[in-house]
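Enquirer: Structure provided below as structure tokens; questions to follow.
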């Protein structure tokens, strides 16, 4: 799906109303920092994740103060990334030379020479972004799993994932199925319909086989969504699943099957829009289902990120991920997209408990494809020219980079002042105790503000619509 909500409609709801609910333990006091790195992207794209002169701690606080403190901690981060759809992998493997591919994967997944993406989302079988309009699952032959095979993925998806993991050994894979095989469904089609109750066990075993096959390739699944967008039936791979059906499938079939097979993949509910927080809450309210679930996942296409906090408050012992959001030709302005994505995904998503934030397609071509029945004007994090293999880096690349290059897996979100419509922020403390503060000037004029940390402070000025990441030694 694509993001269709007007920019202003969601921005007004996204920030400034978040109250810490269940903070973690206080962190140890930091040693004195002397200077902070500054990395800047401006709304006019004249500066793109550009290193600026360091700012020195020790200045007198001004009138607008952003307090950053590790005395209150929140969720532990898995990271930031995008989906390795069939289309993205096919373009990278088949439309680039080996040197072009290596350079791209370095800029995407290497933290020193790129932005250090640490999570990828992976459709289980075909989706609306599948090369050559190929509709498939891993066993399309009725009526058992004797023909199960991931041979399709071995052609290009698995090689690209292995190459990405070679750039970042901490890479985590978030898998999500668009549909069960047609022979398991009520309408005998990959498009729409429901999972037949008499095929629940078959489908659970199908997903177990998938997890095992990927693990055998050295690519274990970190998490598995029960169903992608269970309230969206479409003229492409999709499957409807109501919350009571999802809870039953999880507690009676999928959860026990994964456990019996010794598969430690985290199982996740919902994986759909912000506007229906009652769905994951209902699934998690089933104690037997909850026993197998690590949490729930959300998409950005309807509602507001505060829905994640609604679910967190109902089940604070379960985690939250923001797993899909796409840019596209419907929103062409760089500065508008920079602001919306920072407000709603990087800042809004993580301030509302997301442990990971992911865009949709990692790569698409100059025609927003290859597509397979879905969005025809979506934008990838990067654009690969299918004729030359050359790469254009889109606004989503820089949005992700402001977080992924500086916030490493295992970082904890910490407290920071955020001023809605003004200087909006989120802060993290990395395992090495370094601190990363992401700050967006959401106002219409340049703004000077003070960052205060551990009794020290520095002043800095951000142009209107600009974002900066500040990083200092803790």
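Values in this text are rule-based calculations from the coordinates and carry no lab data. The structure displayed is predicted, hence computed values, not measured ones. Neighbour counts run over all protein chains shown; Cβ positions are idealised from the backbone, glycine included.
Enquirer: Length gain on complete extension for the stretch residue 103 to residue 144, per 0.36 nm per residue less the alpha carbon to alpha carbon distance? Could the numbers behind the result be given before it?
Expert: On the way: separation 41, 0.36 × 41 = 14.76 nm, distance 4.26 nm.
Contour length minus Cα-Cα distance gives 10.5 nm.
Enquirer: Taking the Cβ-Cβ separation of residue 188 and residue 111 as r and a Förster radius of 35 Å, what is the calculated FRET efficiency to the nearest 0.05?
Expert: 0.15
Enquirer: Could I ask something else about it? Expressed as an acute angle from 0 to 90° and rounded to the nearest 10, what is the orientation of the C-alpha long axis of helix 98-109 relative to the principal long axis of the chain?
Expert: So the helix axis and the longest Cα principal axis differ by about 60 degrees.
Enquirer: Run the numbers for residue 420 and residue 162: contour at 0.36 nm per residue of separation, minus the present Cα-Cα distance, in nm. Write down the numbers at each step before the final one.
Expert: On the way: separation 258, 0.36 × 258 = 92.88 nm, distance 4.09 nm.
Once the chain is fully extended between residue 420 and residue 162, it gains 88.8 nm.
Enquirer: Roughly how many nanometres apart are two label points built 7 Å out from the Cα toward the Cβ at residue 291 and residue 231?
Expert: It is 2.8 nm.
Enquirer: What's the angle, to the nearest 10 degrees (0 to 90), between helix 395-404's Cα axis and the longest principal axis of the chain?
Expert: In the chain, helix 395-404 runs at an angle near 70 degrees to the longest axis.
Enquirer: Right, next: Please arrange 232, 402 by counting, for each residue, the other beta carbons lying within 10 Å of its beta carbon, fewest first.
Expert: 232, 402
Enquirer: Quick one: compute the contact order of region 81-409, relative version, from alpha carbon pairs under 8 angstrom and 6+ residues apart, as a percent.
Expert: 21 percent
Enquirer: Taking the Cα centroid of region 220-277 and of region 123-138, what is the distance between the two, rounded to the nearest whole Å?
Expert: Rounded to whole Å, the Cα centres lie 18 Å apart.
Enquirer: Using 1/(1 + (r/R0)^6) with R0 = 41 angstrom and r between the beta carbons of residue 201 and residue 377, what's the FRET efficiency to the nearest 0.05? Kindly include the intermediate steps, with their values, before the conclusion.
Expert: Working: r = 40 Å, r/R0 = 0.98.
After rounding, the FRET efficiency stands at 0.55.
Enquirer: Over the alpha carbons of region 132-273, what is the largest minus smallest coordinate on each principal axis, giving the biggest first in Å?
Expert: So the extents along the principal axes, rounded to whole Å, are 41, 34, 34.
Enquirer: Using only Cα atoms and rounding to the nearest 10 degrees, what angle (0 to 90) does helix 200-216 make with the longest principal axis of the chain?
Expert: Tilt of helix 200-216: around 60 degrees.
Enquirer: To the nearest 500 deg cm²/dmol, what mean residue ellipticity at 222 nm is calculated for the chain from DSSP H runs of n ≥ 4 alone, each contributing -39,500 (n - 2.57), summed and divided by the residues?
Expert: My calculation for the chain gives -7000 deg cm²/dmol from helical runs alone.
Enquirer: Report the convex hull volume per residue for region 190-269, counting only C-alpha atoms, in Å³. Provide the component values of the computation, followed by the final result.
Expert: On the way: hull volume 7.3 nm³, N = 80.
Convex hull volume per residue, Cα atoms: 91 Å³.
Enquirer: Now for a different question. Ratio of Rg to Rh for region 400-441, alpha carbon only, Kirkwood?
Expert: Using only Cα positions, Rg/Rh for region 400-441 is 0.99.
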